[in-house]
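Written below as structure tokens is the structure these notes are about.
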Amino acid sequence: MPTVETVRGPVELSDLGATLMHEHVFVLSTEHVQNYGDEWWDEEARVEDAIGKLNALHAKGITTIVDPTVWGLGRNIPRIQRIAARTPLNIVVATGLYVYEELPQQYAYRGPGLLLDVPEPLVTDFVHDIADGIAGTGVKAAFLKCCVEHAAASPGIARIARAVARASVETGAPITVHTSGHEQSGKTALDLFAAEGADLTKVVVGHAGDSNDLDYLMALADRGAYLGMDRFGLDLFNPGPERVKTIAALAARGYDDRMVLGHDANCFIDYFGGAHDAVKAAAAPNWHYEHISDDILPALLAAGVTQQQIDRMLIANPVAYFTKAA
Ligand SMILES: [Zn+2]
């Protein structure tokens with residue numbers, strides 16, 4: 001049986017079950033924590049909190065989350081291993097690089113034709129995480145992540161996207177790309193991946209659901225990509241009822257085989273420092289793991305989406321995404 005790598009090791013694809021395709025456990029800068037976290041970061045309390053939240057999600061019938069937390073978002077696999085050991089939920093982790101504007105200096109001087117003239121180190125590092133495992137933990141990344149926030153990609157962003165595409169071609173691992181619905185940068189991302197020969201049917205255009213422009217969304221899906229309808233609860237980017245209406249309109253046109261669901265939620269994000277809990281409660285009260293199960297699936301059904309279409313987005317499409325080409 002084909003399998004997918006998770007934090008606890010390979011899981012048969014047929015056992016993934018209901019899968020949220022874009023959720024973080026923590027978004028947490030290591031440098032932020034090390035220098036200012038004494039004010040607001042309690043490792044043990046936050047690990048316990050995460051275990052509680054993930055177990056509550058599992059109790060709602062969701063059995064897998066796909067977590068694109070890479071360098072730039074604070075990937076820390078040993079911490080995630082502690083959590084995965086105490087929840088039945090499957091956690092699928094990623095490799096890649098999360099930056100909006102500039103390549104990190106750590107890659108600026110290494111690469112073909114650069115000061116240290118070596119094969120593209122981004123590809124080397126990404127493939128290592130997929131083939132050998134991450135940082136000596138034995139946990140293997142199952143997919144690749146990068147960002148194309150702007151419709152015109154900077155040289156650094158283009159280099160990262162091309163490296164992600166090449167690592168995908170080399171390993172068969174699929175891709176999730178952060179995009180801007182407002183800037184419609186999904187097209188730019190697909191162009192960059194396609195130029196390197198990546199299989200666009202193995203790409204999730206993340207945050208596509210921030211857009212309600214059906215022409216933009218169908219154009220991405222018609223190239224084979226999945227639309228990440230993955231920010232439920234982040235109503236400031238696109239209100240929930242609008243997101244539901246857009247999914248219903250696309251499902252009615254037969255695009256349920258090209259959509260996946262998620263919240264882009266987390267147990268803790270350090271963007272608000274010590275005000276984390278208060279800011280979330282005030283600005284995004286629905287931005288939590290259970291919003292889709294509690295509120296959005298009933299709303300989709302009420303909007304005319306069938307249970308079969310929901311199952312496709314929640315179960316069948318994630319399996320297809322992680323199924324390696326023969
Ligand atoms: Zn995210």
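The values are calculated or read from the model by the stated rules, or taken from the named source; none is laboratory data. Since we're looking at a predicted model, the values are computed, not measured. Cβ placement follows ideal geometry from the backbone for every residue including glycine, while neighbour counts extend to all protein chains displayed. Ligands, DNA and RNA are excluded from the accessible area calculation, which covers all protein heavy atoms including side chains. Shrake-Rupley method; radii C 1.70, N 1.55, O 1.52, S 1.80 Å.
For region 209-244, the candidate set comprises residues that are in a helix (DSSP H, G or I) and within 13 Å of the ligand (Cβ to nearest atom); within that set, the residue that is most open to solvent (accessible area, probe 1.4 Å) is Asp210. Checked against (1) out of contact with any Asp or Glu (no Cβ under 8 Å at 6 or more places or on another chain); (2) in a helix (DSSP H, G or I); (3) on the phi > 0 side of the Ramachandran plot, Gly197 passes all but a single condition, namely (2). Quick one: would you say Arg75 is open to solvent by 50 Å² or more (accessible area, probe 1.4 Å), closer than 26 Å to Ala131 by Cβ and among the basic types (Lys, Arg)? Yes; evaluated as a whole, the condition is true for this residue.
Counting residues in region 171-178 that are within 16 Å of the ligand (Cβ to nearest atom) and open to solvent by 10 Å² or more (accessible area, probe 1.4 Å) gives zero.
Consider Gly273 carefully, then state whether it is outside any loop (DSSP other than H, G, I, E, B), within 13 Å of the ligand (Cβ to nearest atom) and open to solvent by less than 30 Å² (accessible area, probe 1.4 Å).
Values: outside any loop (DSSP other than H, G, I, E, B): yes; within 13 Å of the ligand (Cβ to nearest atom): no; open to solvent by less than 30 Å² (accessible area, probe 1.4 Å): yes.
For Gly273, the condition - outside any loop (DSSP other than H, G, I, E, B), within 13 Å of the ligand (Cβ to nearest atom) and open to solvent by less than 30 Å² (accessible area, probe 1.4 Å) - is not met.
The numbered conditions (1) within 24 Å of Gly9 (Cα to Cα); (2) surrounded by fewer than 17 Cβ atoms within 10 Å (Cβ to Cβ); (3) touching a helix residue (DSSP H, G or I) at 6+ places or on another chain (Cβ under 6 Å) are all true for Asn55 except (3). All of (1) touching a residue at least 40 places away in the same chain (Cβ under 8 Å); (2) touching a Phe, Trp or Tyr at 6+ places or on another chain (Cβ under 6 Å); (3) open to solvent by 10 Å² or more (accessible area, probe 1.4 Å) hold for Asp199 with one exception: (2).
Scanning region 109-146 for residues that are open to solvent by less than 70 Å² (accessible area, probe 1.4 Å) and among the charged types (D, E, K, R), we see that the one that is nearest to Arg82 (Cα to Cα) is Lys140.
Among what's in region 4-19 and is open to solvent by 70 Å² or more (accessible area, probe 1.4 Å) and not acidic (Asp, Glu), pick the residue that is nearest to the ligand (Cβ to nearest atom). Reasoning before the result, please.
Looking only at region 4-19, we keep the residues that are open to solvent by 70 Å² or more (accessible area, probe 1.4 Å), and these are 8, 10, 12, 14-15.
Now restrict to residues that are not acidic (Asp, Glu): 8, 10, 14.
Details: Arg8: 22, Pro10: 24, Ser14: 27 Å.
This residue is Arg8.
Yes or no, residue by residue, for (1) within 23 Å of Val4 (Cα to Cα); (2) in contact (Cβ under 8 Å) with a residue 40 or more places away in the chain; (3) in contact with an Asp or Glu (Cβ under 8 Å, 6 or more places away or on another chain); (4) not basic (Lys, Arg):
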residue	(1), (2), (3), (4)
Gly74	yes, yes, yes, yes
Ile77	yes, yes, no, yes
Asp117	no, no, no, yes
Glu120	no, yes, no, yes
His128	yes, no, no, yes
